[in-house]
Amino acid sequence: MEGTNQMQRPKWHRATVLAVARETDPPRELVGGAELEAMDDNGHGKKVPLLLLNRKRQILVEVPQERLKCTSPLPTVRSKNDDGFPAAQPPFIRWVNLYSEEICQVNTHQTREKKQTDAPATASYVMESKRELVEVMKPFNNIHGSGFVRESLRGNPIASGTVGLHNLGNSWYVNWCSIHMFITCFSPTDTILHVLSSSYMNSILQCLNQIKPITNFFLQGEYLKEINKNNPLGSGGRISTAYASFLNDVWGNDYSILAPRLLKQTVGSFAPQFNNNFQHDSQEFCQFLMDGLHEDLNRVKNKPYVEQFEAYGMEDRLAAEESWRNHLKRHDSIFVDYTQGMHRSHLTCPGCGRESVKFDVYSSISLPLVPPKSGSTIPLKDCLDQFAAGEQLDEHNAWYCSNCKSHVCALKLITLWNTPDVLVLHLKRFTFEKCPDVDGRILRRKIEDTVNFPIDRLDLTEYVLGPIDPNAPPIYKLFGVSEHSGTTANTGHYTATVRNSEDGNWYRYNDSNVGFTSGDAAITGGAYLLFYQRIKGSLRWAGMEKELNGTPNVDEDGFQAVVGKKKKNRR
């Protein structure tokens, strides 16, 4: 399969890794590879391979697609060379550069004459004689579908605001880190090829789409009045504008499937970690998107410097209010109104007993997964209890004690002071462990235990330390779940189970595929992010607006300012 467009797409789309060469090995001859392997000019009239960051490690791959091009019979037993590697047999078994254009995504490498473009890549192919048609994107268990360029499909959605989203990943790639760790820490019999995927983004967008007050804020054009184009931490309104365009397409009832390419490209232009087609952690993307939209819509035009507020020795209520006032000096947007709350952090030095209390703002709560007491199901309450029980910090998160003049593994206790109208719970499924055979490199592993979380009533009253408004208690109903299948957060596949804010029905989103389901169907070992909304009432700033309206300012030492009456002049 020859690429006929100017970007010269590779000849193959998947392969099995047979061997990984050493970095110190001399480069091997690349026989049977794509023409891209020798297209760049080194400035001295010679052609050199297009390599990413001048990395020259090579891998031996077996390309099933190339079987028909083999001129000699395939061996029944693979022979090995003197260096211990299997013998190459181009083009079926051949060496390729690990970081070459043949493996990496389109536009990773550019010759000196070419300029990179942000336009979506498109390609056409010319079939060789007697050669089978091979899909550019191979379907995997019918998850990703097939085809190269994905565009929005006009049609009637299954329900208003319920639209499938194309997976914008368009190829397969070899993950070197995975190869190295896989060979040294796991069984070397499987293929280390991963699909380039945007399912992490699709999963989050389906959940955020059903936050009714925020979605209406964009659909009604209210966001245009609050775009902060001069905020250096924002995108000048580009992310919020792209998100608004996406929501208008979702709720316009003109599409059954959307390709959210503009939003993805816009986010990627301001967040380099997402400026590719690799799979990513949906929780990290959710955090970035919400923060990015917040900064785009931040009502604070000039942010003053605000010192960290120490609350030890103060009354909690006064300390919380002063901490929130400081927060509002730099942060004020619709996302602060609906999605941010505050918790009380209490640190104690195990050596001298020094204590520190601070009130910090959060937009999601990360819950540890405890071993199940019976069977394989963990009650969400057990996770909340473990969160409230506190922990001792490890050496990587040590706290500096000013008395001891050193970093110590302090005892840390976090208590919720209040909760916002929209509450995101992050189930910490991925642990970090050292692999002794990979220079102590950290590996992420996944906890597959099922967490049994409430669908229609999650009562957090016992976990909230601050005042509770009876007209808007901390009682929630679930409306969205971002789900993950696979072994690590940056591989595998993401889906979503979401309750529609209009008709109240539950829908299952698997990229472009949408179907009816139930909330209970989301209670699996793949549930990763839980999205809850307050059932009764609404509290701006998680209730801090009411608290601040009736409370005078206090100084940094916790003393209330007293305004004396003006004395009348005596005659």
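Some points to look at:
- Single condition residue 366 does not satisfy, out of (1) buried (at least 17 other Cβ atoms within 10 Å of the Cβ); (2) out of contact with any Cys (no Cβ under 9 Å at 6 or more places or on another chain): (1)
- Of all residues making up the range 219-235, the number that are within 22 Å of the chain's Cα centre (by Cα) and either closer than 18 Å to residue 262 by Cβ or open to solvent by less than 20 Å² (accessible area, probe 1.4 Å) (or both): 2
- Residues of the range 237-262 that turn out to be of a type outside the set (Lys, Arg), touching a residue at least 60 places away in the same chain (Cβ under 8 Å) and buried (at least 16 other Cβ atoms within 10 Å of the Cβ), as a count: 9
- Taking the criterion of being open to solvent by 100 Å² or more (accessible area, probe 1.4 Å) and modelled with pLDDT of 95 or more, the only residue of the range 528-571 that qualifies is 536.
- Residue 385 vs. criteria within 23 Å of the chain's Cα centre (by Cα) and open to solvent by 50 Å² or more (accessible area, probe 1.4 Å): no
- Residues (crowded, with 21+ Cβ neighbours inside 10 Å and part of a strand (DSSP E or B)) located in the range 508-526: 509, 510, 514
- Residue pairs meeting the criteria (Cβ under 6 Å; at least 6 apart or on separate chains; first closer than 11 Å to residue 166 by Cα and among the hydrophobic types (A, V, I, L, M, F, W, C), in the range 509-522; second open to solvent by 10 Å² or more (accessible area, probe 1.4 Å) and assigned to a strand (DSSP E or B)): none
- Checking each residue in the range 497-527 for being among the aliphatic types (A, V, I, L, M) and farther than 17 Å from residue 428 by Cα picks out 498, 514, 521.
- Whether a residue is in contact (Cβ under 8 Å) with a residue 40 or more places away in the chain, of a type in the set (Gly, Ala, Ser) and buried (at least 18 other Cβ atoms within 10 Å of the Cβ) was assessed, and residue 269 does not pass this test.
- All of 423, 465 fail the test of being open to solvent by less than 30 Å² (accessible area, probe 1.4 Å), at pLDDT 95 or above and either in contact with a Phe, Trp or Tyr (Cβ under 6 Å, 6 or more places away or on another chain) or over 30 Å from residue 350 (Cβ atoms) (or both), apart from 423.
- Filter result for residue 336 (touching a Gly at 6+ places or on another chain (Cβ under 9 Å) and touching a residue at least 40 places away in the same chain (Cβ under 8 Å)): no
- Look at (1) assigned to a loop (DSSP other than H, G, I, E, B); (2) under 21 Å from residue 388 (Cα atoms); (3) not β-branched (Val, Ile, Thr) and you find that residue 471 fails only one, number (2).
- Only one of the numbered conditions (1) in contact with a helix residue (DSSP H, G or I) (Cβ under 8 Å, 6 or more places away or on another chain); (2) over 27 Å from residue 485 (Cα atoms) is violated by residue 258, and that is (2).
- Extreme residue, nearest to residue 398 (Cα to Cα), among residues of the range 341-362 that are open to solvent by less than 20 Å² (accessible area, probe 1.4 Å) and either of a type in the set (S, T, N, Q) or touching a Phe, Trp or Tyr at 6+ places or on another chain (Cβ under 8 Å) (or both): 349
- Residue check for residue 457: under 20 Å from residue 207 (Cα atoms), modelled with pLDDT of 95 or more, surrounded by 15 or more Cβ atoms within 10 Å (Cβ to Cβ) and not hydroxyl-bearing (Ser, Thr, Tyr): no
- Selection from the range 494-507 of residues that are open to solvent by less than 10 Å² (accessible area, probe 1.4 Å) and either within 18 Å of residue 277 (Cβ to Cβ) or assigned to a loop (DSSP other than H, G, I, E, B) (or both): 494, 500
The values are calculated or read from the model by the stated rules, or taken from the named source; none is laboratory data. Predicted, not measured: the structure shown is a model, and the values here were computed from it. Here Cβ is always computed from backbone atoms with ideal geometry, including for glycine, and neighbour counts include all displayed protein chains. To get the accessible areas, we keep the full protein, side chains included, count just its heavy atoms, and leave off ligands, DNA and RNA. Shrake-Rupley method; radii C 1.70, N 1.55, O 1.52, S 1.80 Å.
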